[in-house]
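Asks: Below is the structure I would like to discuss, written out as structure tokens.
Since every read-out is calculated from the coordinates, none of them should be taken as a lab result. This is a predicted model, so every value here is computed, not measured. Positions of Cβ are backbone-derived with ideal geometry, glycine not excepted, and every protein chain shown enters the neighbour counts.
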Amino acid sequence: MSVESTQIHNIGYRDYEGPRLGRAYARRSLFSQSLRGAYGLGRSAKSKVLPMILFAVMCLPAAIMVAVAVATKTKDLPVDYTRYAIVMQALISLFLAAQAPQTVSRDLRFKTVPLYFSRPIERGDYVLAKFAAMTSALFVLTAAPLLVLYVGALLAKLDFLDQTEGFGQGLVSVALLSLLFSGIALVISAITPRRGFGIAAVIAVLTITYGAVSTVQAIAYEQGSTDAIAWLGLFSPITLIDGVQTAFLGATSAFPGGDGPSSGVGVVYVLVVLGLIAGCYGALMRRYRKVGLS
Amino acid sequence: MIATESLSKRFPRVTALDRLSMDIGPGVTGLVGANGAGKSTLIKILLGLSPATEGRAAVLGLDVATNGGQIRERVGYMPEHDCLPPDVSATEFVVHMARMSGLPPTAARERTADTLRHVGLYEERYRPIGGYSTGMKQRVKLAQALVHDPQLVFLDEPTNGLDPVGRDEMLGLIRRVHTDFGISVLVTSHLLGELERTCDHVVVIDGGKLLRSSSTTDFTQITTTLAVEVTDSDECPDGTRALREALRERGMETETGGELPGAGHTVLLTAEGEETYDLVRDLVADLGLGLIRMEQRRHHIAEVFKDKDAADAARPESASAPVAVPAPTAAAQQTGGGRDER
Ligand SMILES: Nc1ncnc2c1ncn2[C@@H]1O[C@H](COP(=O)(O)OP(=O)(O)OP(=O)(O)O)[C@@H](O)[C@H]1O
Ligand SMILES: [Mg+2]
């Protein structure tokens, strides 16, 4: 029976006899609502503006490169698949700073979290859904331009195997980046429920660590201590990703001198990245243990 | 519906629940207690969100310690605090919460429309919640607790922040949740007066201990206080005193309404039923006084359990301040005595 007809006839209360899809369904619903929310879908027109602009700006350079490649019939794309996200890191930070607080802080600020926990879902479901949603949103942002590049490369009749391998490596790299960056941004947002603070804190953590690490790396390079450069890269999220993909995903490093970590040090990079992702998940679980009881 | 057995919850510094054993059947049940009595703590334990330190509890026959998820699927919860995001509409919010309870998308939308209408939200439901009045927000909070058609709802202080009219509307709505929707209700409040008209059964707790659990008819007979105010007349320059003396001759104990300016003109007495109203009306008429008002007083819960001596000495304002509640045994004796007299 449609909603309109019930309003007209104003019939009494009806019991619900239909299915109750339970916890896994609720978790999926929370995931899709949060993922859509990160792009402003299902929310006001105003909240669509920023994420959509960022998405467009993120893909624009890729589209231009592809157009140039097709037109000039070059042998290679001007930028590696693995390098794209590193070059565009400022945009990634901006997207996270705007969307991570809205993904988790709203529920905390308006005390909606206890309502979720009065439903079949539990703390772990909530954290998982939010983490997965933020990661997916970031993956969409970072993988879309790679897809543009790949399709363009195939149109320009570049070497298929070569391009496919590069594209695959790029996807693995941005998947790892999405997990790491989302984790960090969500933890920061979850401990700073005030929206303005959350935005500032996410930007600060991502850019200050990168600024500090690259400055010290540059000094180390000047002084010729090339070993130190690789170790220093462990201390900011973007250089961590750079190190991992240089060691294992065929990327050329953006570190000064272009020397990324060796495979040995690369293992340390991978362990640190995975440890950080797990740590962020654990921190979120801890954070919500307190909230659930308040 | 709900059964607890020696249920205790201890926090590092306070004992929020102290060996609480009770049995609550279908219908509307009021859970009454002063601030900090442990009402919200009990609800959290019953939802399976917070483990009890000791003892057991079952909701709808399911153990709260092991079947929290199943309980929460069949139960609704309206928290005492604000929980609504201001930037979405009531419809969007309630649809989302319905899906969180496991309703498929279409059912979630249909039931949201129905439920919002039942709680009395019409055109407003498409506007952002931020612009709603407190009364409308309370209705949205109630709607999200009902949208998945639970068997039982926990309403934590639903009348909080409402003016007298809003309060009555909310209480009427709560009554309908049971009579029209067939959903049992556990509703908390620190005012016994407002619950005795709404509930079938009232449970009183204080300091985490069970003070009393009984059907509301028992309560009402003991607790109704009448406040009467009369005019003076030429024959009786002090109408209030004349009325008090007339009542005393009939064996009725009275108290003054307090020390506030004007409050001395209020006579308080315990109503034993319809007869008391008639008696007061007749006495006032006989004395040739004008009846300014005669109303039922809402009590603070502690007032019900004052022992007799304290009752004589106490002034009504003290009832609005936290009043020490006597030990459960004393209360039981007193209430028991009250029943024997009748
Ligand atoms: N998480 C907690 N940690 C420590 N103490 C707590 C916690 N939650 C509640 N308490 C304490 O337990 C007692 C009972 O609290 P509760 O919130 O259940 O009372 P209440 O009856 O709901 O009161 P109110 O009418 O104010 O809502 C209070 O003394 C409170 O300070
Ligand atoms: Mg409470």
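Asks: Please report the relative contact order for the range B:2-220, taking Cα pairs under 8 Å with a sequence separation of at least 6, and give it as a percent rounded to a whole number. Spell out each step's value before the answer.
Replies: Values: 421 pairs, mean separation 62.6, N = 219.
About 29 percent, as a whole number.
Asks: Kirkwood Rh, Cα Rg: Rg to Rh for the range B:224-296?
Replies: On the way: Rg = 11.1 Å, Rh = 12.0 Å.
Reported Rg/Rh (Cα atoms, Kirkwood Rh): 0.92.
Asks: Roughly speaking, what is the stretch gain from A:D159 to A:A204, that is 0.36 nm per residue apart minus the C-alpha to C-alpha distance, in nm to one decimal?
Replies: Numbers: separation 45, 0.36 × 45 = 16.20 nm, distance 4.09 nm.
Extending this stretch completely gives an extra 12.1 nm.
Asks: May I pose another question? Rank these for me by crowding, B:I292, B:I205, going from fewest to most other beta carbons within 10 Å. Walk me through the numbers before you get to the answer.
Replies: Working: B:I292 13, B:I205 25.
Arranged by neighbour count, lowest to highest, B:I292, B:I205 become B:I292, B:I205.
Asks: A further question follows. If you wrap a convex hull around the C-alpha atoms of the range B:2-220 and split its volume per residue, what is the figure in Å³?
Replies: Expressed per residue, the convex hull around the Cα atoms of the range B:2-220 is 115 Å³.
Asks: How much net charge surrounds A:T246 when only other residues with a Cβ under 14 Å from its Cβ are counted (Lys, Arg +1; Asp, Glu -1)?
Replies: Numbers: positive: A:R83; negative: A:D80, A:D242, A:D259.
In short, -2.
Asks: Summing +1 for each Lys or Arg and -1 for each Asp or Glu, what net charge is found among the other residues whose Cβ lies under 9 Å from the Cβ of B:A3? Intermediate results must be reported in sequence, preceding the final value.
Replies: Numbers: positive: B:R56; negative: B:E5, B:D23.
It works out to a net charge of -1.
Asks: Which of the helices in chain A, when you take each full DSSP H run, stretch at least 27 Å along the axis at their Cα atoms and have an average Kyte-Doolittle score of 1.0 or higher? Provide the component values of the computation, followed by the final result.
Replies: Numbers: long enough: A:45-72 (40 Å, 1.87); A:89-109 (28 Å, 0.33); A:123-155 (47 Å, 1.46); A:160-191 (46 Å, 1.47); A:195-222 (41 Å, 1.21); A:263-293 (46 Å, 1.17).
Sorted by number, the helices that extend far enough and score high enough are A:45-72, A:123-155, A:160-191, A:195-222, A:263-293.
Asks: Next question. To one decimal place, what Kirkwood hydrodynamic radius in Å is obtained for the protein assembly as shown from all pairs of distinct Cα atoms? Don't skip to the end; give the middle numbers.
Replies: Working: mean 1/r = 0.0345 Å⁻¹.
Over the protein assembly as shown, the inverse of the mean reciprocal pair distance is 29.0 Å.
Asks: Another question about this same structure. What distance in nm separates the two pseudo spin-label positions at B:N35 and A:K290, each 7 Å out from Cα along the beta-carbon direction?
Replies: According to this spin-label approximation, the distance is 2.3 nm.
Asks: Sticking with this structure for a sec: If you take each beta carbon of peptide B:65-77 and count the beta carbons of other chains within 10 angstrom, what is the mean?
Replies: Working: counts 0, 0, 0, 3, 7, 3, 1, 7, 7, 2, 2, 2, 5.
Mean shielding count: 3.
Asks: Give the distance, in whole Å, between the Cα centre of the range A:66-88 and the Cα centre of the range A:232-282.
Replies: After rounding, the separation between the Cα centres reads 23 Å.
Asks: What trypsin sites (Lys or Arg not before Pro) in the range A:226-289 are in a loop by DSSP, with at most 16 other Cβ atoms within 10 Å of the Cβ?
Replies: Numbers: sites: A:R286, A:R287, A:R289; in loops: none.
Listed in order of number, the matching sites amount to none.
Asks: Oh, and also: Which entries in A:K111/A:K290; A:K46/B:K141; B:K44/B:K141; B:K39/B:K209; A:K130/B:K44; A:K111/B:K44 show an alpha-carbon gap greater than 19 Å? Please report the intermediate quantities before stating the final value.
Replies: Values: A:K111/A:K290 12 Å; A:K46/B:K141 26 Å; B:K44/B:K141 17 Å; B:K39/B:K209 11 Å; A:K130/B:K44 24 Å; A:K111/B:K44 15 Å.
A:K46/B:K141; A:K130/B:K44, as the Cα separations exceed 19 Å there.
Asks: Shifting gears a bit: Whole angstrom only: what separates the Cα centroid of the range B:134-175 from the Cα centroid of the range B:61-106?
Replies: Answer, in whole Å: 14.
Asks: A further question on this structure: How large is the Kirkwood hydrodynamic radius of the range A:22-291, in angstrom, based on all distinct alpha carbon pairs?
Replies: Evaluated on the range A:22-291, it is 19.5 Å.
Asks: Going by average Cβ neighbours within 10 Å, how do the peptides A:191-204, B:277-290 rank, with the highest at the top? Before the final figure, lay out each step's value.
Replies: Values: A:191-204: 17.4, B:277-290: 15.1.
Highest mean packing first, the order is A:191-204, B:277-290.
Asks: Express the relative contact order of chain A as a whole percentage, based on alpha carbon pairs under 8 Å and six or more residues apart in sequence. Before the final figure, lay out the partial values.
Replies: Details: 338 pairs, mean separation 64.0, N = 294.
So the answer I get is 22 percent.
Asks: I would also like to ask the following. How far is it, in nm, from the label point at A:L60 to the one at A:V172 when both lie 7 Å from their Cα along the line to the Cβ?
Replies: The modelled label-to-label distance comes out at 3.3 nm.
Asks: What is the order of B:M78, B:M100, B:M1, fewest Cβ neighbours within 10 Å to most?
Replies: On the way: B:M78 25, B:M100 28, B:M1 18.
Result, fewest neighbours first: B:M1, B:M78, B:M100.
Asks: Starting with the highest mean, order A:180-190, B:33-43 by the number of other Cβ atoms within 10 Å, averaged over the residues of each peptide.
Replies: Numbers: A:180-190: 26.4, B:33-43: 21.5.
Peptide ranking by packing, descending: A:180-190, B:33-43.
Asks: To the nearest whole number, what is the average tally of beta carbon atoms from other chains within 10 Å of the beta carbons of peptide A:15-24?
Replies: 6
Asks: When Cβ neighbours within 10 Å are restricted to other protein chains, what is their mean count per residue of peptide A:38-48? List each step's numbers first, then the result.
Replies: Details: counts 0, 0, 0, 0, 3, 3, 3, 0, 1, 1, 0.
Average neighbour count from other chains, rounded to a whole number: 1.
Asks: If neighbour count is taken as other Cβ atoms inside 10 Å, put A:Y84, A:Y16 in order from fewest to most.
Replies: Going from least to most buried by this count: A:Y16, A:Y84.
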